[in-house]
Amino acid sequence: MPKSIVTGGAGFIGSHMADFLIKKGHKVVVIDNLKVGKRRNLNPRAKFYKKDIKNRKAIFEIFRRERPDYVFHYAAQIYVRYSVTNPVEDAEDNIIGGLNLIEASRKYKVKKLLFASSAAVYGEKCKVPMQEACPPNPVSPYGVAKFSFEKYLNCYGSLAKDPLDYAVLRYANVYGPRQDSKGESGVIAIFTEKFLKKKQPIINGDGKNTRDYVYVGDVVNATWLALRKKTKNKVFNIGTGKETNVNQIFNKLKKFTGSKYKAKHGPAKAGEERRSALNSARARRELGWRPKVSLDKGLAQTVKWFEEN
């Protein structure tokens with residue numbers, strides 16, 4: 001039975017990945033400091049270590065004890081705006097912590113590392129929908145850190161002696177059940193909770209910023225396919241290729257929650273791209289992946305989860 005470590009496995013996407021792996025017959029070990037992740041997201045069949053990936057000694061001890069076959073890396077500082085005001089802390093989490101995982105993976109002969117990167121690496125100079133061939137030009141420290149770690153993986157993956165096999169998945173804006181509504185990211189979760197609690201959601205700026213919203217179950221499936229395929233240390237965009245602006249999200253969620261609130265706008269936030277969507281042709285061609293859950297269906301499932309939880 002293969003064994004997988006999922007960092008950030010008590011978080012939004014990581015917990016869904018852990019659940020999926022367990023269903024596929026993997027033994028799963030979760031590493032999470034619970035700064036953002038929640039105990040209630042933990043699968044009871046997963047072995048759990050409450051540790052921070054920045055703790056090099058602890059990480060190496062876990063790898064020595066568990067001897068994983070695969071590593072799924074989701075642990076991260078996840079807030080773009082926070083990275084603008086706290087770039088050092090962002091880099092410590094998203095680069096230094098990741099390097100500890102790479103070093104441990106090499107020492108204990110991990111077969112493959114799957115890294116959850118972000119559309120934020122592209123910035124605003126790429127044609128939308130962005131393709132992997134477009135040179136990244138991130139506009140936030142968060143995007144810089146994600147791309148930096150990609151380059152570290154590339155370096156370790158091309159070493160003549162003991163290279164590390166990996167795949168990078170640049171996720172678009174992932175949404176779905178378990179998404180945290182308390183932070184700054186995840187407009188779908190934030191608006192949904194506001195509507196359900198009969199509070200006024202605030203749209204930052206004019207609401208015309210676009211994002212590519214992809215359902216969490218679809219990105220988990222893409223990551224699973226990247227594990228099983230010979231990816232040759234490649235980068236894959238994982239998104240729908242469709243742009244949806246914040247005003248449209250507001251109106252859709254207003255409908256699904258039966259809310260009467262009208263749109264109300266606040267100031268725009270620094271460090272956010274104006275447009276973003278990902279061309280996932282490579283993932284279709286090489287992984288056999290395409291998104292299956294439409295935005296309306298995914299929003300309805302997300303609203304239902306929030307109503308029940």
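Throughout, read-outs are computed from the coordinates displayed, never taken from laboratory work. The structure displayed is predicted, hence computed values, not measured ones. A quick note on method: Cβ atoms are made from the backbone with ideal geometry, for glycine too, and the neighbour counts reach across all protein chains shown.
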For ARG275, distant residues with modelled amide H under 5 Å away = THR210
Two pseudo-spin positions, 7 Å from Cα along C-beta at GLU307 and at LYS269, lie apart in nanometres by 2.7
Quick calc of log₁₀ I(q)/I(0), the chain, Debye, one scatterer on every Cα, no solvent, q values 0.13 1/Å, result -0.91
Gain in span if fully extended, ARG65 to ILE96, counting 0.36 nm per residue against the direct Cα distance | 9.0 nm
Please list, or write none, the aspartates and glutamates whose alpha carbon is within less than 15 Å of the alpha carbon of LYS107, excluding same-chain residues fewer than 8 places away.
-> GLU61, GLU66, ASP69, ASP162, ASP165
At 10 °C and 1.306 mPa s, what whole-number value in µm²/s does Stokes-Einstein give for the translational diffusion of the range 166-241, with Rh from the Kirkwood sum over Cα pairs?
-> 112
Can you give the net charge of the other residues whose Cβ lies under 10 Å from the Cβ of GLY97, counting K and R as +1 and D and E as -1?
-> -1
Residue-by-residue Karplus 3J(HN,Hα) for the range 89-101, coefficients 6.51, -1.76, 1.60, Hz, glycine and proline x | 4, 4, 5, 4, 6, 8, 10, 4, x, x, 5, 4, 5
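Given R₀ = 35 Å, FRET efficiency for ASN251-GLN131 by Cβ-Cβ distance, to 0.05?
Plugging the Cβ-Cβ distance into 1/(1 + (r/R0)^6) gives 0.70.
Report the equivalent ellipsoid semi-axes for the range 26-134 in whole Å, largest first, defined as the square roots of five times the eigenvalues of the gyration tensor built from alpha carbon atoms.
Numbers: eigenvalues 142, 58, 43 Å².
After diagonalising the Cα gyration tensor, the semi-axes are 27, 17, 15 Å.
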J(HN,Hα) series, the range 128-138, from Karplus relation 6.51 cos²θ - 1.76 cosθ + 1.60, nearest Hz, glycine and proline x = 8, x, 5, 10, 4, 6, 6, x, x, 8, x
Two-site label geometry, LYS197 and GLU243: point separation in nm, points 7 Å out along Cα→Cβ | 3.2
Amide hydrogen neighbours beyond the local backbone of LYS112, cut-off 5 Å, H modeled = VAL71
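Rounded to the nearest 20 debye, what is the charge dipole size of the chain about its Cα centre when +1 sits on each Lys and Arg Cβ and -1 on each Asp and Glu Cβ? Could the numbers behind the result be given before it?
Values: 60 positive and 29 negative charges, 171 e Å.
Charge dipole of the chain: 820 debye, to the nearest 20.
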Net charge (Lys, Arg +1; Asp, Glu -1) of residues whose beta-carbon lies under 11 Å from that of ARG282, ARG282 excluded, is +2
Which value, in debye to the nearest 20, describes the size of the charge dipole of the range 265-309 about its Cα centre when Lys and Arg Cβ atoms bear +1, Asp and Glu Cβ atoms bear -1, and nothing else is charged?
-> 360
Note, PHE48: beta-carbon cut-off 10 Å, +1 each Lys/Arg, -1 each Asp/Glu, net +3
So what is log10(I(q)/I(0)) for the range 201-260 at q = 0.12, 0.27 1/Å, when the Debye sum runs over its Cα atoms only?
-> -0.46, -1.12
Please order TRP289, TRP305 by the number of other Cβ within 10 Å, starting at the fewest.
-> TRP305, TRP289
Taking H as built 1.01 Å from N, whose amide H comes closer than 5 Å to the amide H of GLY241, not counting residues under 5 places away?
-> LEU278
Just grab the label-to-label distance for LYS54 and ASP165, each label 7 Å out from Cα along the Cβ direction, in nm (one decimal).
-> 3.3
Could you give the radius of gyration (one decimal) and Dmax (whole number) of the Cα atoms in the range 70-207, in Å?
-> 17.0, 59
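What pairs from LYS109/LYS146; LYS38/LYS109; LYS23/LYS292; LYS151/LYS208 go past 28 Å between their alpha carbons? Could the numbers behind the result be given before it?
Values: LYS109/LYS146 24 Å; LYS38/LYS109 30 Å; LYS23/LYS292 19 Å; LYS151/LYS208 32 Å.
LYS38/LYS109; LYS151/LYS208, as the Cα separations exceed 28 Å there.
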For LYS198, which lysines qualify as cross-link partners when the Cα separation must be under 22 Å and same-chain residues fewer than eight apart are set aside?
-> LYS182, LYS252, LYS254, LYS255, LYS260, LYS262, LYS264, LYS304
